[in-house]
Amino acid sequence: MSRPFYHEHPEVLSVETAVLNAAPGRLMLADSPFFPGGGGQLPDKGLIRWGGGEVPVTGFEACDGQTWLLLAEPIEMSGNVVAAVDPGFRQMMRELHTDSHLLNALVYQQFNGALVTGAQLNADGTARLDFDLPDADNDKLRALEGPINDAIRQDLAVGTNYVPFADASSEPGLLRSRSVAPPPTPDGMIRIVEIGSLDRQACGGTHLASTGQSRAVRVLKIENKGRHNRRIRIALVGVAAGT
Ligand SMILES: [Zn+2]
């Protein structure tokens, strides 16, 4: 089985492709540019253009390793269609996701290898990451805003590669999250996302090509959520309300 189109061609947001399978209000495509959601990243928005016009995609449903695209109307399509991702929404998710890695890397390095216990990117330009951080000083966590924005200004390259899952499990820090580790590919490989020399971790989401493509980030809030859990909320400046 091949790797997802959105991993192989992250910059291609609109593609003409064949309908492989269809029922009223749903279809399966030969090539789907849509990220279907997962690992705390929201599913893409977008639409399908076909002979009869265009219809929004409202969701995704996994089935036997394939993904159904759900449509806003009970149309049954055939032949070729154009699948188009909403570029603004994807860009915002890529920024929040890449910036989450920056935060995650800095926490890991500066707070004794603390791991992520949860992550959620939001449609309002904010994201939250939860860390297993029983003893950290909230002011020190808040002060990570500076180094995050330094890493954005340095325009660090973001790259991907694949390693065998067994190797990934034995490299400390590569599987950074206790809750959102990506599943191995069918051939037993796991996708690694690298940001310059700052960060290297397993991830299946969509990221920027380099950190400089992100808007600046603000640390909004640090919350204690239980004895171990520290929740850090970040926002894209100029996108999230109040920034
Ligand atoms: Zn990621």
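No value in this document is a laboratory result; all are computed from the given coordinates. Source: prediction; values computed, not measured. Note that we place each Cβ from the backbone using ideal geometry, even for glycine, and neighbour counts take in every protein chain shown.
Take peptides 86-95, 150-159 and line them up by average Cβ neighbours within 10 Å, highest first, as a rough protection proxy.
Values: 86-95: 18.4, 150-159: 16.9.
For the peptides 86-95, 150-159, the packing ranking is 86-95, 150-159.
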**Report entry** On Cα atoms only, tilt of 87-110 relative to the major axis of the chain in degrees
**Finding:** 30 degrees
**Report entry** Three principal axis lengths of the chain [C-alpha, angstrom, descending]
**Finding:** 57, 44, 35
Report task. Counting only C-alpha contacts under 8 Å and six or more residues apart, can you give the relative contact order of the chain as a whole percent? Result -> 19 percent
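So, counting K/R as plus one and D/E as minus one, what does the shell of residues with Cβ under 15 Å around Leu47 add up to? Intermediate results must be reported in sequence, preceding the final value.
Details: positive: Arg26, Lys45, Arg49, Arg90; negative: Glu16, Asp44, Glu54, Glu73, Asp86.
Result for the neighbourhood of Leu47: -1.
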Query - Selection from Pro87, Leu121, His101 lying farthest towards where the dipole of the range 34-150 points positive, charges on Cβ - result: Pro87
Report summary line: Ranked output for segments 133-143, 119-129 by mean other Cβ atoms within 10 Å, highest leading, reads 119-129, 133-143
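Rounded to the nearest 20 debye, what is the charge dipole size of the chain about its Cα centre when +1 sits on each Lys and Arg Cβ and -1 on each Asp and Glu Cβ? All intermediate terms of the calculation are to be shown ahead of the outcome.
Working: 22 positive and 28 negative charges, 149 e Å.
Here the chain has a charge dipole of around 720 debye.
Rounded to a whole number of µm²/s, how large is the Stokes-Einstein D of the range 100-243 at 37 °C and 0.692 mPa s, given Rh as the Kirkwood radius over C-alpha pairs? Display every interim value, and only then the final one.
Values: Rh = 15.6 Å.
The estimated diffusion coefficient comes to 210 µm²/s.
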Query raised in the report: Roughly how many debye, to the nearest 20, is the charge dipole of the range 41-80 about its Cα centre, given +1 on each Lys and Arg Cβ, -1 on each Asp and Glu Cβ, and no other charges?
Result: 140 debye
